[in-house]
Amino acid sequence: MVSLLLLAPVCNGDDVGEAWVAYQWAKHLGERHDVTLLTYHRRGARPAADQLPGLRVIEWIEPPLVGRAERLNAMLKPGYVPYYIKARRWIREAISRGEHFDVAHQVVPVAMRYPSPALGFGIPLVMGPVGGGLSSPPGLAADEGSTPWYMNLRRFDRARMRLDPLLRRTYEQADCVLGIAEYVRDLLEGLDLRRFEVMSETGLDSIPDPVDRTGRKGTVRLLYVGRLIRTKGARDILRAMPQLADLDLHLDIVGEGPERAACAALIAELGLTARVTLHGWKSKEEVARFYRDADVFVFPSYREPGGNVALEAMGYGLPLIVVDRGGPGSATNDDCAIRLRAVTPDLLSQDVADAIRKLTVDPDLRQVMGLAARRHVGATALWGAKIDRIDAIYRDLIAASDRTVPTGAPRP
């Protein structure tokens with residue numbers, strides 16, 4: 001059992017996004033290791049200590065006003081500076097009291113903009129899984145329209161990594177950096193990393209029961225699940241649908257977001273009202289029903305850092321249509337997904353149409369790819385396997401740390 005210092009400024013199993021990601025890591029790591037979690041308690045939320053009773057939780061109240069403007073807060077994380085100060089002070093005081101940690105692991109933020117408060121204490125440090133910073137292909141960026149001003153700050157991420165000595169030192173002195181997909185290695189090019197591994201930021205507790213689609217007749221149901229923002233590709237599916245008018249198809253779009261009105265207008269403009277349904281936000285239980293009822297999962301997101309939604313779809317044995325970049329491209333393979341290029345909106349919608357047609361007219365291919373998807377996710381994305389892998393990394397780092405301490409000398 002490892003004495004693990006886990007750092008996560010947000011951690012909430014009742015929430016979504018990074019707070020939910022951190023909760024999953026804390027929960028699964030706590031089942032095997034002696035975990036001390038340093039986190040914030042978001043105002044109005046259930047404390048992490050109540051959600052994770054088996055862990056030692058050090059929890060500070062989130063500063064006032066930090067939780068306002070959810071999207072802005074998620075992007076800029078104004079509470080990170082006070083979290084960094086409090087966490088670093090706590091670690092220093094814990095070490096001075098004689099506490100020992102085998103490994104420190106900072107699981108969020110996912111974005112590579114934030115130095116770790118655990119750096120420099122002589123504790124082997126794991127950063128990640130980290131990601132983000134994936135840019136839009138030039139031919140598609142022009143189609144995105146206006147974005148909130150704070151979203152444009154992503155453009156400075158690479159410059160910050162070059163110019164911010166504390167941030168750079170965090171990644172160069174971390175004993176292992178986990179990237180959510182292979183593209184992260186390219187984003188960190190130029191840094192002298194000690195060790196880099198690819199690992200998704202999320203996983204599955206289990207694979208759902210198999211869905212038997214062999215006897216299905218009639219309408220082929222396409223499914224999109226995700227926020228309705230331009231980069232996730234819902235509009236590209238809608239633009240593909242008129243090219244498939246000769247096929248018996250129905251597209252279910254599950255999710256909310258600022259693009260909903262634009263999608264609704266496009267559905268009306270293209271005469272797709274009878275063939276497309278905008279369902280809005282649905283609970284996890286309701287989304288599971290959509291996965292079971294679907295025949296093909298279509299998610300042509302071209303700037304998707306992580307791959308969680310692809311993992312979910314594969315768990316339900318669905319063949320996938322994704323863009324071959326970022327998280328979905330990394331989470332899938334050619335046996336279970338048709339992976340597309342993203343060059344321009346016109347080419348992407350044409351490629352989506354071609355992929356949908358290929359899977360619609362060939363039920364045997366859908367069956368083969370769906371079975372391959374289920375096998376692939378079982379081999380790569382179950383939490384048990386992920387924690388086995390991270391345990392092996394911890395053991396390597398602890399052994400390397402022991403070798404640097406002279407015989408008979410106290411550990412730092």
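Readers should treat all values here as calculations from the given coordinates under stated rules, not as data from a laboratory. Predicted, not measured: the structure shown is a model, and the values here were computed from it. Cβ placement follows ideal geometry from the backbone for every residue including glycine, while neighbour counts extend to all protein chains displayed.
Computed with the Debye formula from one identical point scatterer per Cα of region 1-128, without solvent, the log10 of I(q)/I(0) at q = 0.19, 0.23 Å⁻¹ comes to -1.06, -1.58. Packing, as the average of other Cβ atoms within 10 Å across residues, places the peptides 78-85, 98-105 in the order 98-105, 78-85, highest first.
The phi torsions of region 240-254, fed into the Karplus equation with coefficients 6.51, -1.76 and 1.60 and a -60° offset, translate into couplings of 7, 4, x, 6, 10, 4, 7, 9, 8, 10, 9, 9, 9, 10, 10 Hz, rounded to whole numbers, with Gly and Pro shown as x. When the Cα positions of THR170, ALA245, ALA111 are compared along the charge dipole of the chain, THR170 comes out farthest toward the positive end, with charges on each C-beta of Lys, Arg, Asp and Glu.
Taking other C-beta atoms within 10 angstrom as a stand-in for reagent exposure, LYS77, LYS282 fall in the order LYS282, LYS77, fewest first. In terms of packing, defined here as the mean over residues of other Cβ atoms within 10 angstrom, the peptides 384-391, 302-309 line up highest first as 302-309, 384-391.
Pairs of Lys residues in the chain, spaced 8 or more positions apart or belonging to different chains, with C-alpha separations under 22 angstrom: 7 in total. Given the choices (1) 64, 47, 45; (2) 67, 58, 37; (3) 76, 43, 42, Cα extents along the principal axes in Å derived from the coordinates of this structure is entry (3). Against the compact-protein benchmark of 2.2 N^0.38 Å, the Cα-based radius of gyration of region 187-295 scales to 1.38. Length gained on full extension, ASP246 to ARG227: 4.0 nm, using 0.36 nm per residue less the C-alpha separation. Of the complete DSSP H runs in the chain, those spanning 30 angstrom or more by Cα along the long axis with a mean Kyte-Doolittle score not below -1.0 are 383-404. Between the residues LEU365, PRO64, ALA353, the greatest Cα displacement towards the positive end of the dipole of the chain, with unit charges on the Cβ of Lys, Arg, Asp and Glu, is found for PRO64.
Footprinting exposure proxy ranking of MET199, MET314, fewest other C-beta atoms within 10 angstrom first, gives MET199, MET314.
Rounded to 0.05, the FRET efficiency of the THR219 and LEU163 pair, given R0 = 51 Å and the Cβ-Cβ distance, is 0.40.
Using only alpha carbons, region 220-380 has a radius of gyration to Kirkwood radius ratio (Rg to Rh) of 0.92. Here the extension length gained between ASP346 and ALA261 equals 28.5 nm, from 0.36 nm per residue of separation less the Cα-Cα distance. Once the chain from GLU182 to ALA379 is taken as fully extended at 0.36 nm per residue, the excess over their C-alpha distance is 69.1 nm. Taking the Cα centre of the chain as reference, the dipole from Cβ charges on Lys and Arg (+1) and Asp and Glu (-1) amounts to some 940 debye. Got a sec? Which residues in region 205-225 would a label at ALA274 touch, if it sits 7 Å along Cα→Cβ and we count backbone N under 19 Å? Those under the cut-off are 218-222.
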